[in-house]
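In what follows, a single structure is set out as structure tokens and then discussed.
The values are calculated or read from the model by the stated rules, or taken from the named source; none is laboratory data. All of these numbers come straight from a predicted model, not from anything done at the bench. With ideal geometry, Cβ positions are generated from the backbone for all residues, glycine too; neighbour counts draw on all protein chains shown.
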Amino acid sequence: MNWSLSFEPLLSWIWIAAIMVPVALLVFASLFLRMRGSFLRVAALAALGIALANPVLLDEEREPLQSVVALVVDRSQSQDIGDRMATTDAAVEELRARLSRFPQFDVRVVEAGRADAADDRTQTRLFHEIDSAFRDVPPSRVAGAIMVTDGQVHDVPADPGSISAPLHVLVTGEEGEFDRRIRFERAPRFGIVGKPVEMTYRVISNDGQTGTVPVEVRINGNFVVNREARIGQPMTMNIVVPNAGKNIVELTIPTAPGELTGTNNRTIAVLDGIRENLRVLLVSGEPHAGERTWRNLLKSDASVDLVHFTILRPPEKQDGTPIHELSLIAFPTRELFVERVNDFDLIIFDRYQHRDVLPILYYDYIAEYVENGGALLIAAGPEYAGNQSIARTPLISALPALPTGTVIEEGFYPRLTEDGERHPVTRGLEGSASEPPQWSRWFRLIDIQQPEGHVVLQGADRPLLVLDRKGDGRVGMLLSDQGWLWARGFEGGGPHVSLYRRIAHWLMKEPELEEERLTASGRGMTLDIIRQTMSDDPGPASVLTPSGRRIDVNLASSEPGLFTGSLEVDEIGLYQIANGDLTALAHVGPVNAPEFQDTVSTTEVLQPAADASGGSVRRLGQTLTGNVSVPGIVPVRTGAVASGRDWIGLRTTNDSVLKSVSRVPLFAGFFGLAALLLAFGAMWYREGR
């Protein structure tokens, strides 16, 4: 019960003053002049003033409010080292039990630091969680915060004095821990495929070690070289970018005896490989309506350097025209097909036939070029079925099919085969989903027999586009010269740009167009896996986590030839994915996250903030029975000392909630009337005498 006095005036204070001031002047004048009955006049004046002010005695019933305590638990990955997490769990359980004995505290447990699919933070941000816990609490009700952490916190306020309540930090881990780590100091984001790039890295040890340590260098999981690095010194190295697209450069040092963890003994850099312009040699034979289709397409591709020759004057054409009057240039056959043939990424023969322009031996060189990793495309016309077909040259060893000698002249729709629906060159080709396809017809097809490789397009129930591998190289064969009908918009045209570009880039080994390909990438804290294959079911993918756990992920078909799967993970780092004979690497979370830069437990990071708040920082110890030793908890008043040798203090609040009020008027009713009558009657009586 809380008793208090309040006033509920019968008139406004202005009117009360207007009434009482003149009367008070007369009363005080009588006192000054020592007139008889002055004290009775003062009593009457006081009774009148009290009656007008109407004093009320209040009895308030109040319920005290609780002070809010934030118990912040660090669940970051660095807490997984050793027995830190077990110590944390035991300490939190004991703290909750002790805090439950104090009804004046409202305990809010906040677990922080563990990234998830919706939050890919890689910093331990415990102060952010404290702010969230106290967001709806007035400052007078904040009792303080208790952190259970390894001390590696990345959002400590720049101004420690901004913390208005005691902050107590209980640190897990052992004092004097030893750890060393490796990190990239400078790593370029991009590099040209096949060219070296310079990178700088450093090995760091927290105990001031010197000397050298072996460093293993891997690119995309493949071993490259072993190097020696001097501890604490920046080291440089040159690596050759192997592939276009994403490349993962990985540096690893061995785990030393007594080292805290090997998690940060590996560092990676993601290097995007960029191809220099692809070099294409286009040799056009007999002029035809679609002669410039390939040229226009390749010239429009900024990533392609095109060398184009059209054979307009074969050697047997002798009409007596003097050489110096000819505007044509001689075809540099030796330079192109002997001296510089390996400089080209792709050679295209567009309706070309053997007419002694190329010596017969040069076809052997072209076949050898394909076997050694080159690319060849035959854009065939009727001449491919004739007597002067290049299939009748030594190039036959590189070709996926031989002509039957038949040229089919009838209208047909190019259609995807079963392989074509899965092959990345033709999969999802615009207009292919309907029947008939939503593109125009073609009217000529060269018949072949026993094709090798994949037939991805067919027309008139015969192969139209064949893709094959020969040795280390690739060969494509387009068995019609009617693609220009799509380019000219005949009957609505068709996706000639997409088709021709995919054919060319598949031949030049573009990674995205590989038939058998396994890729993975991190999206937040989700690992996405994509498998391209020509098979019906690639089976599950096996995922090896940074901590060494193995998880199988089922892959579901998203479209023909494409299978995908996702895995929600809780570890930041490098994941290894395998499916069949293929492997891939993917990094989940930001590369070289701050969470793994320093893993040694420390009291120094949080000491300034705790001191400024009046709190404390101490390591969690053990009792004689092996249990975690947690300091005692003591409620303290605002401004009092909040920590001692074996205890921590939390503030209590004086705030309360009003439940009910009882009022007792002191100068109302018969009592007030009697007091007024008594005072004025006594005054009149004295005046009457």
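Might you let me know whether the range 167-190 holds any residue that is assigned to a strand (DSSP E or B), in contact with a Lys or Arg (Cβ under 8 Å, 6 or more places away or on another chain), over 30 Å from Met85 (Cβ atoms) and not aromatic (Phe, Trp, Tyr)?
yes
Taking Val600, is it modelled with pLDDT of 90 or more, surrounded by 17 or more Cβ atoms within 10 Å (Cβ to Cβ) and either of a type in the set (Gly, Ala, Ser) or under 22 Å from Ser78 (Cβ atoms) (or both)? I'd like the intermediate steps shown before the answer.
Details: modelled with pLDDT of 90 or more: no; surrounded by 17 or more Cβ atoms within 10 Å (Cβ to Cβ): yes; either of a type in the set (Gly, Ala, Ser) or under 22 Å from Ser78 (Cβ atoms) (or both): yes.
For Val600, the condition - modelled with pLDDT of 90 or more, surrounded by 17 or more Cβ atoms within 10 Å (Cβ to Cβ) and either of a type in the set (Gly, Ala, Ser) or under 22 Å from Ser78 (Cβ atoms) (or both) - is not met.
Please work out if Thr533 is farther than 14 Å from Tyr575 by Cα and surrounded by 14 or more Cβ atoms within 10 Å (Cβ to Cβ).
yes
Please work out if Arg275 is of a type in the set (Lys, Arg) and over 30 Å from Val357 (Cα atoms).
yes
State whether one or more residues within the range 358-374 are of a type outside the set (Lys, Arg), surrounded by 11 or more Cβ atoms within 10 Å (Cβ to Cβ), in a loop (DSSP other than H, G, I, E, B) and at pLDDT below 90.
Yes; the residues of the range 358-374 include at least one that is of a type outside the set (Lys, Arg), surrounded by 11 or more Cβ atoms within 10 Å (Cβ to Cβ), in a loop (DSSP other than H, G, I, E, B) and at pLDDT below 90.
For Trp506, which of the numbered conditions (1) free of Cβ contacts under 8 Å to residues at least 40 places away in the same chain; (2) farther than 30 Å from Gln79 by Cβ; (3) not in a loop (DSSP other than H, G, I, E, B) fails to hold?
Among (1) free of Cβ contacts under 8 Å to residues at least 40 places away in the same chain; (2) farther than 30 Å from Gln79 by Cβ; (3) not in a loop (DSSP other than H, G, I, E, B), the lone unmet condition for Trp506 is (1).
Quick one: how many residues across the range 506-531 are in contact with a Leu (Cβ under 6 Å, 6 or more places away or on another chain) and within 30 Å of Leu306 (Cβ to Cβ)?
Residues flagged as in contact with a Leu (Cβ under 6 Å, 6 or more places away or on another chain) and within 30 Å of Leu306 (Cβ to Cβ) within the range 506-531 amount to 3.
Looking at Asp581, Asp528, which one is of a type in the set (Asp, Glu) and under 30 Å from Arg183 (Cβ atoms)?
Step by step, each of Asp581, Asp528 is checked, and only Asp528 is of a type in the set (Asp, Glu) and under 30 Å from Arg183 (Cβ atoms).
Just the residues that are in a strand (DSSP E or B) and surrounded by fewer than 18 Cβ atoms within 10 Å (Cβ to Cβ), please, taken from the range 240-276. Outline the logic, then answer.
Going through the range 240-276, the residues in a strand (DSSP E or B) turn out to be 240, 245-252, 266-274.
Once the filter is applied, which keeps residues that are in a strand (DSSP E or B) and surrounded by fewer than 18 Cβ atoms within 10 Å (Cβ to Cβ), the range 240-276 yields Val240, Gly245, Lys246, Thr252, Val270, Asp272, Ile274.
Given the options Tyr384, Tyr413, name the one that is of a type in the set (Phe, Trp, Tyr), outside the structural domain of Phe563 (by TED's automatic domain parsing) and under 24 Å from Val280 (Cα atoms).
Criteria check complete, one pass: Tyr384.
Please state which of the following conditions Val224 fails to meet, knowing it meets all the rest: (1) touching a strand residue (DSSP E or B) at 6+ places or on another chain (Cβ under 7 Å); (2) surrounded by 15 or more Cβ atoms within 10 Å (Cβ to Cβ); (3) within 26 Å of Ile81 (Cα to Cα).
Condition not satisfied by Val224: (3).
In the range 196-239, which residue that is part of a loop (DSSP other than H, G, I, E, B) and in contact with an Asp or Glu (Cβ under 8 Å, 6 or more places away or on another chain) is nearest to Leu585 (Cα to Cα)?
Gly221
Scan the strands (runs of 3 or more DSSP E) fully inside the range 533-640 and keep the ones with 3 or more residues being more than 20 Å from the chain's Cα centre (by Cα).
Filter on the range 533-640 gives 550-553, 556-559, 616-619, 632-636.
Among the listed residues Ala86, Ala90, identify the single one that is loosely packed, with under 14 Cβ neighbours inside 10 Å, small (Gly, Ala, Ser), at pLDDT 70 or above and more than 21 Å from Phe134 (Cα to Cα).
Checking each option against the conditions leaves just Ala86.
Within the range 280-297, can you find the residues that are touching a helix residue (DSSP H, G or I) at 6+ places or on another chain (Cβ under 6 Å) and surrounded by fewer than 17 Cβ atoms within 10 Å (Cβ to Cβ)?
Passing the criteria: only Ala289.
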